[in-house]
Amino acid sequence: MSLQIDRENIAKLLEQAIEKKNIKAYYQPKYDAITNRITGAEALARWIDEDGGIVSPAQFIPLLEENGLITRLDWYMLDETCRFLRAGLDSGRHTVTVSVNFSRLHTSEKEIGRKIAQLVDGYGLPHRLIEIEITESALAVSGDIVIDFVRSIRDAGFEVSIDDFGSGLSSLNFIKDVPATVLKIDKSLLSGNCESEKERIVLESIFDFAHRLNLTTVAEGVETKEQLGFLRTCGCKSIQGFIFAKPMNEEDFSALLEHAGVNDPDSEDILLTQSAVSATQLLLDVIFKRFPLVIMSNLTRNSFYMMAYDNFTSKSCPSTGVYTELIQHGASTMHPEDRQLFSDTFDIGDQLAAYERGERVRTVVTRQLGDDGVYRKAETTNYYVKNPSADDVLAITLSRNID
Ligand code: C2E
Ligand code: MG
Ligand code: MG
């Protein structure tokens, strides 16, 4: 690599490189984890030296950050990205959202959202085509400053992603307050092929956490089929990694977009690589097929939580509430001759006493009134377990019609 980045003259070199277009935006596509379709891309800076050699960001980004010049590069990259997207729209090509990296040094800029909008509007682009990536390490700047920064960009109609999540020490608690929309999981969390149980647990928990906060997830640095298989079962939304594509120049990316959606690596036996969460989900799907009504009740505390209520009866029931009220409601839907049996079988005091005597399962068949006014036999079974995190006795109810 013949490019010598002279620290003294870095500012001048950068200006020259920008002017001569020796710094280029390379695009690395992001793929939908399930359909393998291209859903977006990330713009990554490449400095082309006099011999046409490509200098990677690791060699110049830290220096530009040191000098505060990185913000100049970022604005240039955003501009290049907009130019590329505009040309794509003008030629009628399929276009996807492109994310641009913004250094943490931008957090001190005022009205960042308005400035980004001004640039993007100059190209007449819909704001949904631009996403701003901000590294997890930037979150360390200062809570309120980062939140205001992200809010300003979001208010201007752009998506914001937290990049390199898991590479630093940011607290999950803080992430919940940052109004970002995308969490990019760092490649350092994918060491190996996700074989280690502990590594899998960490990933499963991060994806669960992100999805419960309504964040879209992208896994970065995915290189192997095993990693891909496991990430799919964690519900990871998008994949960015060498398994699909490396960052590429504008021409190659345009050509790829022409045929978007055709890239499909060999399918993988998902059972071998899936997360425990997804295995449990499969199991639940099967249980719900046979038992449309599943209820978890805390007999000790007289409460219940209904997990599936798949048109078992149209009489609406709340999904959580007081157990004795649920039993009362259940009894009212039974044939008058069966009501007493139903109420007695699921009497809280009686069940708790039976549990103490060693009873672990209890089944009753009653006639229940359907929506069409016809009574059908319903079988209701309670399995009794101790709550692992407290001493409470729980009843897991599986219920189904048997004719
Ligand atoms: P990043 O934003 O996290 O970008 C992802 C990096 O991971 C890219 O490295 C990409 O080439 C690499 N990568 C993607 N998939 C794989 C994979 O499967 N395996 C491996 N080993 N690597 C993969 P790149 O292009 O070298 O960029 C490094 C970093 O430099 C970027 O990390 C970003 O933080 C920074 N950077 C690049 N361009 C810009 C820019 O325009 N502005 C700012 N502020 N930072 C930039
Ligand atoms: Mg990035
Ligand atoms: Mg990253």
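The values are calculated or read from the model by the stated rules, or taken from the named source; none is laboratory data. Source: prediction; values computed, not measured. Virtual Cβ from ideal backbone geometry, glycine too; neighbours counted across all protein chains shown. Only protein heavy atoms, including side chains, enter the accessible area calculation; ligands, DNA and RNA are left aside. Shrake-Rupley method; radii C 1.70, N 1.55, O 1.52, S 1.80 Å.
Quick look at the values:
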read-out: Filter result for residue 224 (away from ligand 3 (no atom under 16 Å from the Cβ) and in contact with a Ser or Thr (Cβ under 9 Å, 6 or more places away or on another chain)); value: no
read-out: Residue in region 189-209 that is surrounded by fewer than 22 Cβ atoms within 10 Å (Cβ to Cβ), within 16 Å of ligand 3 (Cβ to nearest atom), assigned to a loop (DSSP other than H, G, I, E, B) and over 13 Å from the mean Cα position of the chain (by Cα) present; value: yes
read-out: Residue list for region 363-386, filter: in contact (Cβ under 8 Å) with a residue 40 or more places away in the chain and open to solvent by 80 Å² or more (accessible area, probe 1.4 Å); value: 371, 375
read-out: Candidate set from region 211-231 (those that are under 13 Å from the mean Cα position of the chain (by Cα) and buried (at least 24 other Cβ atoms within 10 Å of the Cβ)); member that is nearest to ligand 2 (Cβ to nearest atom); value: 218
read-out: Flag if residue 353 is over 23 Å from residue 290 (Cα atoms) and either of a type outside the set (Asp, Glu) or modelled with pLDDT of 95 or more (or both); value: yes
read-out: Positions within region 32-60 being within 12 Å of ligand 1 (Cβ to nearest atom), open to solvent by less than 40 Å² (accessible area, probe 1.4 Å) and hydrophobic (A, V, I, L, M, F, W, C), in sequence order; value: 41, 43, 44, 45, 47, 55, 60
read-out: Unmet requirement for residue 133, which otherwise passes all of (1) in contact (Cβ under 8 Å) with a residue 60 or more places away in the chain; (2) part of a helix (DSSP H, G or I); (3) not basic (Lys, Arg); value: (2)
read-out: Matching option when the condition is assigned by TED's automatic domain parsing to the domain that holds residue 40, under 19 Å from the mean Cα position of the chain (by Cα) and either more than 16 Å from ligand 3 (Cβ to nearest atom) or assigned to a strand (DSSP E or B) (or both), among 164, 144, 148; value: 164
read-out: Yes/no for residue 17 being of a type in the set (Gly, Ala, Ser), crowded, with 17+ Cβ neighbours inside 10 Å and within 16 Å of ligand 2 (Cβ to nearest atom); value: no
